[in-house]
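The values are calculated or read from the model by the stated rules, or taken from the named source; none is laboratory data. Not measured: the values here are computed from a predicted model. Methodologically, a virtual Cβ is constructed for each residue, glycine included, from the backbone with ideal geometry; neighbour enumeration extends over all protein chains shown. Quick note on the areas: whole protein, heavy atoms, side chains included, nothing else; ligands and nucleic acids left out. Shrake-Rupley method; radii C 1.70, N 1.55, O 1.52, S 1.80 Å.
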Amino acid sequence: MSEVKKAGVLGAGMMGAEIALCFAMTGIEVVIKDITMDLAKRGMERAEKALERLVKKGQFDDSNKKKTLLLMHATDNYGLFSDVDFVIEAVVEDLKIKKDAFAEVDKICKPECLFATNTSSLRVTALATAVSEHRRGKFLGTHFFSPVSIMRLVEVIPGLETTEESVRKAIEVCRTIGKVPIRVKDVAGFAVNRLLHAMWIEAERCVEEGVATPEDIDTGCRLGLGHPIGPFALMDIVTNNLTLDIQEILHKVYGPRFMPRPILRQKVDAGHLGRRTGRGWYDYRNKK
Ligand SMILES: NC(=O)c1ccc[n+]([C@@H]2O[C@H](COP(=O)([O-])OP(=O)(O)OC[C@H]3O[C@@H](n4cnc5c(N)ncnc54)[C@H](O)[C@@H]3O)[C@@H](O)[C@H]2O)c1
């Protein structure tokens, strides 16, 4: 059984809501905080919808649904974090906002509580400076993948001061909630996003060169490589603007091999951001 009896999630958005759900589905009480009660409740609704999808697919027992949802508590303040054993931060990808949130929750949480960030592009070591010195050994990254209720991978990323004991505990927590953790260094893009974006950039280059259409490349990756979804269909879910933001960061750190392709910039300039805007690499306007 996990050493975590109660967890706290900061940010009730796309990631935070489903991260919280994974704790509740394991029978662990979880607090989910956003800026306002309305946003926190929206996160609860998001979690409930994800749970319903799992029930429909036969991946979660309907009779446990109510009990699971009762383990989740929405809040707009840090009060309920005083007795949590594990905090996961999933607020917007902004260094200052994340550091402010960590500094606030650091004042409330027990000294032994572990802190984790779900950042996809910021340095774990830099974020750790937001908390008091005694907690820096208990601070690390846990990078989940979307949709969290389905994707099993978590990259566990120790910062410079993270203790081995904290890494061990975080790995155990991930396993307890049904995830498969891998240990990765605190570098830009960690491991999986580096691989993903390298492939996406090459896929875009193929389209620019007229090698194949996005549709055919997606078919190739699904049927030839065994990927469950093709690169262009996945970019349309992630959104092209987020993809561009991440590639700008990777480009700065790793140089020309991650230079965003002109065709991606054009998509963003045109507002063809993906499913959310009705158009991306594919046209969804008549499919709604
Ligand atoms: N979307 C993805 O596929 C993905 C994958 C892996 C990691 N991430 C990372 O997860 C984090 C969250 O991403 P998301 O897609 O869920 O974003 P999102 O915009 O859907 O949700 C972020 C939430 O944080 C809330 N928030 C902002 N400041 C807050 C504060 N001080 N306290 C509490 N809540 C606050 C916002 O109101 C919002 O509801 C980001 O760091 C992102 O880089 C995202």
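List pairs: first residue in the stretch 57-68 and closer than 17 Å to MET44 by Cα, second residue charged (D, E, K, R) anywhere in the structure, Cβ distance under 9 angstrom, at least six positions apart or on different chains.
Listed by first residue and then by second, the contacts come to LYS65/GLU48; LYS65/GLU52.
Which residue out of VAL55, VAL84 is assigned to a helix (DSSP H, G or I), surrounded by 14 or more Cβ atoms within 10 Å (Cβ to Cβ) and among the aliphatic types (A, V, I, L, M)?
On inspection, the qualifying residue turns out to be VAL55.
Among all residue pairs at least 6 apart or on different chains, which show Cβ distances below 8 Å where the first residue, located in the stretch 73-102, is among the aliphatic types (A, V, I, L, M) and the second is near the ligand (Cβ under 8 Å from one of its atoms) and open to solvent by 60 Å² or more (accessible area, probe 1.4 Å)?
VAL91/ILE97
Among the numbered criteria (1) touching a residue at least 24 places away in the same chain (Cβ under 8 Å); (2) farther than 30 Å from GLY58 by Cα; (3) open to solvent by 30 Å² or more (accessible area, probe 1.4 Å); (4) of a type outside the set (A, V, I, L, M, F, W, C), which one does HIS134 miss?
(1)
GLU18 - would you say it is open to solvent by 10 Å² or more (accessible area, probe 1.4 Å) and either of a type in the set (Ser, Thr, Tyr) or within 11 Å of the ligand (Cβ to nearest atom) (or both)?
Judged against the criteria, GLU18 is a match.
When the residues of the stretch 117-169 are filtered to those that are hydroxyl-bearing (Ser, Thr, Tyr) and outside any loop (DSSP other than H, G, I, E, B), which remaining residue is nearest to the ligand (Cβ to nearest atom)?
Per the stated criteria, the residue is THR117.
Matching residues to (1) away from the ligand (no atom under 16 Å from the Cβ); (2) more than 19 Å from PRO147 (Cα to Cα); (3) within 23 Å of the chain's Cα centre (by Cα); (4) assigned to a helix (DSSP H, G or I):
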residue	(1), (2), (3), (4)
CYS206	yes, yes, no, yes
ALA212	yes, yes, no, no
ASP216	yes, yes, no, yes
THR219	yes, yes, no, yes
MET235	no, no, yes, yes
ASN241	no, no, yes, yes
ASP245	no, yes, yes, yes
LEU250	no, yes, yes, yes
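Residues of the stretch 102-114 being within 14 Å of the ligand (Cβ to nearest atom), open to solvent by less than 10 Å² (accessible area, probe 1.4 Å) and not aliphatic (A, V, I, L, M), which ones?
Residue satisfying the conditions is PHE102 alone.
Can you tell which of VAL92, VAL9 is within 16 Å of the chain's Cα centre (by Cα), within 16 Å of SER146 (Cβ to Cβ), within 14 Å of the ligand (Cβ to nearest atom) and in a loop (DSSP other than H, G, I, E, B)?
Criteria check complete, one pass: VAL92.
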